[in-house]
1. Kindly list the number of the only condition in (1) buried (at least 23 other Cβ atoms within 10 Å of the Cβ); (2) out of contact with any Phe, Trp or Tyr (no Cβ under 9 Å at 6 or more places or on another chain); (3) more than 23 Å from residue 150 (Cα to Cα); (4) among the aliphatic types (A, V, I, L, M) that fails for residue 372.
2. Looking at (1) open to solvent by 30 Å² or more (accessible area, probe 1.4 Å); (2) touching an Asp or Glu at 6+ places or on another chain (Cβ under 9 Å), which one does residue 357 not meet, given that it meets all the others?
3. Does residue 60 satisfy the condition of being more than 29 Å from residue 17 (Cα to Cα) and open to solvent by less than 20 Å² (accessible area, probe 1.4 Å)?
4. Please work out which one of (1) modelled with pLDDT of 80 or more; (2) touching a Gly at 6+ places or on another chain (Cβ under 9 Å) is the condition residue 138 fails and give its number.
5. Being over 30 Å from residue 78 (Cβ atoms), in contact with a Leu (Cβ under 7 Å, 6 or more places away or on another chain) and either open to solvent by 10 Å² or more (accessible area, probe 1.4 Å) or part of a helix (DSSP H, G or I) (or both) narrows it down to one of 135, 176, so name that one.
6. For region 386-407, give me each residue that is assigned to a helix (DSSP H, G or I) and open to solvent by less than 30 Å² (accessible area, probe 1.4 Å).
7. Restricting the first residue to region 301-328 and requiring it to be farther than 15 Å from residue 237 by Cβ, which pairs with a second residue that is open to solvent by 50 Å² or more (accessible area, probe 1.4 Å) and among the β-branched types (Val, Ile, Thr) meet a Cβ separation below 8 Å and a spacing of at least six or different chains?
Amino acid sequence: MPLRTAFLDARPLRLPAFRRLWLGSAVTAVGGQLTAFAVPLQLFHRTGSSLWVGLGSAAGLLPLVLAALWGGALADSTDRRRVLLLGNAGIALCSLLLWAQAAAGGADPLVLLLLIAAQQACFGANTAVRGAVVPRLVPAELLPAANALQSTVSWLGGIGGPLLAGALLAAGGLAPLYLLDALALLGALLGVRRLPAMPPAGGAAPRPAARSIGAGLRHLVGCRILLAAYLADFTAMFFGMPVALFPQRAREVFGEPAGGPVIGVLSAALSVGALLAGGCSGSFSRIRRHGAMVVGAVCAWGLAMAGFGLVRSLWPAAALLAAGGGALVVLSAFRKTILQDAVTDAMRGRLQGADTVIAAGGPRLAGLAHGAAGAAYGTSWAIGGGGVLVMLTTAAACPALWRYRAPASAGSAPPSSQAAAGPVPASAAAAGPSAASAVAGPVAARAWELSPGRAA
């Protein structure tokens, strides 16, 4: 394999429709970090209590879960481009309201929690639909590369957003952060408007959302490979994500009572590793053993976190976190590809809704579990033991996932991609029927990526 082909596979960006979606994701990934930076800071300044900061994180979870499931069902019954427009518009409106209250001197904390809940609901629906849009814009053979590009830009926002937020906060306070997020979202709306229409596959008539959600969940329960992929992802996040322990780790192990720069190094290390792995995603499209890549990535993440729990020096710890960040990009890219390949387009939105719930819920529950374990047993046992549990649980629970291979045929580009991007490459057109139809059925197969930033 030529060395140059191992680096970032940018071929999906040659497709104009996907390029518009990706550029919108890049802009809003940075903008979303501005709001993510401002909200906890404003809550703490208004109340002086970390409890309110925790409530701010919890306030958005239930609305996000419900809206993701509803948005996924809606994506299977109406034009996905229209749902994306509504979702982005809703997030932008919430950011404008957050800017207005900050510019007016700051709202009551309860009002702030309501705005957070509304914004997270719009974000959940938007994320579920976005995941279902990508396979309509990109040939099946390029899905791993497209998913790696999406994950990479989110991690890039996780680096650039906080740096920009810190500079703007010193210059103009909190209000400009909310305003720039809203402007970024309005800019992304222009790109979404230029996407092709994406009506339901086969012109399916809309069905009641509750019934649609139930059908999607029954399909998920009947798909052993999908369940195994979700279990592997949830295991990695719940047992292995140590972000909630960074402040305690910085104080107890790295000797910095106030946290500050040490926490910044630890947080940035995850993102740097993820970007480096995304830059080497050129080989992803040639790998057929998608299941083995998911299992390997989860075990690599667990091993890195076990090592992080043992080391007592900052830079080795940062190196292990960087390795873990790279493993998360591999996990995200191949888990998403398994999902997108394993279901028909008519069911894809509802399964993306479930995917969003798992991607959002895993890291949030991990924060609660790691916080309790760190308080009871210390950070070394909580982090190192979590990493070991990740490896043992994955090895015991996912043997079928290890054997899973991608379909031999990489499907041709979907009609919306052809309409927006021109003719499909001959290699893709000749590859045969859709990969989705080849493996759909009962035996067929976020934040963390949600947390670095929002995508259009």
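1. The failed condition is (1).
2. Exception for residue 357: condition (2).
3. Against the criterion (more than 29 Å from residue 17 (Cα to Cα) and open to solvent by less than 20 Å² (accessible area, probe 1.4 Å)), residue 60 qualifies.
4. Here residue 138 clears every test but (2).
5. 176
6. Hits for region 386-407 are 386, 387, 390, 394, 400, 401.
7. 306/388; 322/272
Let's see how each residue does on (1) in a helix (DSSP H, G or I); (2) more than 17 Å from the chain's Cα centre (by Cα); (3) at pLDDT 80 or above:
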{"position": "20", "(1), (2), (3)": "yes, yes, yes"}
{"position": "38", "(1), (2), (3)": "yes, yes, yes"}
{"position": "57", "(1), (2), (3)": "yes, no, no"}
{"position": "87", "(1), (2), (3)": "yes, no, yes"}
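The values are calculated or read from the model by the stated rules, or taken from the named source; none is laboratory data. This one's a predicted model, so the numbers in the text were calculated from it and none came from an experiment. Quick reminder, even Gly has a Cβ in these numbers, built from the backbone with ideal geometry, and neighbours come from all protein chains shown. The accessibility values were calculated without ligands, DNA or RNA, using every heavy atom of the protein model including side chains. Shrake-Rupley method; radii C 1.70, N 1.55, O 1.52, S 1.80 Å.
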